[in-house]
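Below is one structure; the comments refer to it alone.
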Amino acid sequence: MVTKIRSLVDKIDTDAGHHKRSRRLQKDLLTLIATGSVPTTLRALQKKWGMKKPIAELERAIASNEFAIPKALHATQTLDWTPKQATKEFGQVLRVVREAQNLGGKLGVLIPELVLGSGNGRLPAFATELEDRLQHVEVVLEQRAVAALVLPAIEAYMVPKNKKDHFTEVGGICFGHAISCSKPTHGKGEARRTCFHVEFCTTELRARMTEDEVHPSPLSERVLDSASGVLLPHLEFLGGFHSHPYKRKKWGKSSSMAQMKGAEGWDLSEGDRKYLRREANGPTIEGKPPRLEIVVTVAEMKRLAKPGAGYRHTFPFCVGRLRVILAAYHVRSDGEARPVDRLVCHWRSLED
Ligand SMILES: [Zn+2]
């Protein structure tokens, strides 16, 4: 396999005749190894250069074993696996993975960006399946972070903004640490356990806030990111948060709790998902796409009641007569979000 890749690269070098074209075709070759599909430019030229057979063979080899090679490469690029771990999990792929990594280095190409670019910002199915299967994601919220998430959400819930908006959503960004470690899988390899430890959150004052949505301001995010680099140099940008207010006033006689439960109000809305996909493809904060999104749902209770147990990605509690549900979502590299495997809050309400 390695000799095939090398000989194809050499053939492109000799036959392309033009440095720029040769680079482009080598990039196409790398795209084939990383995604399993042949880019159109390479497909068009393969016959002309008598490369039809070797490229078809390579295509077959890449697609074999349920895309073991692209999966292994993806695991080393986005899940921080070593090529050796990838070989343990996916079979004899060590040399190909190294060869592809070298080709990427030589071309100055970031393989994850190449993969996203070839799918117009969407990950191929094998990669999403892999990320979901091999990543166990936890979010830990420090007590201060819980307060910083919930206090602005409650203020915007209780205090009218103007005559039109009796309450609004709020949003902001979260900082902390992303810690990764290995966890054995049922196979021979290892899954990645990623823990997002959220230590600090700040509300975006200039975000456009209404009863139904909050539009983050790209300029605010850039300003906050650069200033936080000075003020919080020990923390990294992890993602965003926003609130989902359920207010009796808006829903008439129907209780806001019933509305919230009926709509599973702690879930991301279609608009939220669209926004996250857009962010992943053109991050507002340069090179730092959001990796998590926290939803702070607030509803008013008719009478005092204890919160239920919730789900693995939620944390329900009460603040006076308000029911608050925190829910955490992991945002994959293609911007698709899914509930995290575990949400831990280092805080407990005295009222519960
Ligand atoms: Zn939302």
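Laid out as a table, the results:
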| read-out | value |
| --- | --- |
| Length-normalised contact order of the chain in % [C-alpha pairs under 8 Å, at least 6 apart] | 14 |
| Efficiency of FRET from Cβ geometry, Ala44 and Lys106, R₀ 25 Å, rounded to 0.05 | 0.60 |
| Modelled FRET efficiency - R0 56 Å, Leu350 with Asp80, Cβ distances, 0.05 increments | 0.90 |
| Estimated 222 nm signal from helices in the chain, with DSSP H stretches of n ≥ 4 weighted -39500 (n - 2.57), rounded to 500 | -14000 deg cm²/dmol |
| Residue (of Ala263, Val159, Leu103) at the positive-pole extreme of the chain, dipole from beta-carbon charges | Leu103 |
| Cα-projected label distance for Asp10 with Val223, points at 7 Å along beta-carbon direction, nm | 5.9 |
| Under 5 Å, built H, 5+ apart or other chain: amide partners of Phe167 | Lys161 |
| Percent RCO, i.e. relative contact order, over segment 2-120, from Cα pairs under 8 Å lying at least 6 residues apart | 25 |
| Global form of the chain, assessed from the alpha-carbon gyration tensor, a/c cut-off 1.5 | prolate |
| FRET efficiency estimate (nearest 0.05) - Cβ-Cβ, Ala263 to Lys53, R0 51 angstrom | 0.35 |
| Per-residue ³J(HN,Hα) for segment 302-315, Karplus 6.51 cos²θ - 1.76 cosθ + 1.60, θ = phi - 60°, Hz, x for Gly and Pro | 5, 9, 5, 8, 6, x, x, 6, x, 10, 5, 9, 10, 9 |
| Prolate/oblate/rounded call for segment 135-345, Cα gyration tensor, a/c under 1.5 rounded | oblate |
| Under-5 Å amide H pairs with Glu204, H placed in peptide plane, nonlocal only | Gly171, Gly172, Ile173 |
| Charge context of Lys27, other residues only, Cβ under 12 angstrom, K/R +1, D/E -1 | +3 |
| Mean Kyte hydropathy of 0.5 or more with a Cα span along the axis of at least 18 Å, helices from DSSP in the chain | 143-158 |
| Amide hydrogen neighbours beyond the local backbone of Val340, cut-off 5 Å, H modeled | Ala328, Tyr329, His330 |
| Net charge over other residues, Cβ less than 9 angstrom from the Cβ of Trp49 (K, R count +1; D, E count -1) | +3 |
| Restraint check, Lys4/Lys27; Lys47/Lys106; Lys261/Lys302; Lys11/Lys47; Lys84/Lys288; Lys163/Lys302, Cα-Cα greater than 19 Å | Lys47/Lys106; Lys84/Lys288; Lys163/Lys302 |
| Total charge dipole magnitude, segment 292-332, about the Cα centre, Cβ charges on Lys, Arg, Asp, Glu only, Debye to nearest 20 | 200 |
| As computed over segment 1-128, the Cα convex hull volume per residue (Å³) | 94 |
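Quick note: the coordinates plus some simple rules give every number you see, no bench work behind them. Remember, predicted model here, so these are calculated numbers, not experimental data. As a convention, Cβ positions derive from the backbone with ideal geometry for all residues, glycine included, and neighbour counts pool all protein chains shown.
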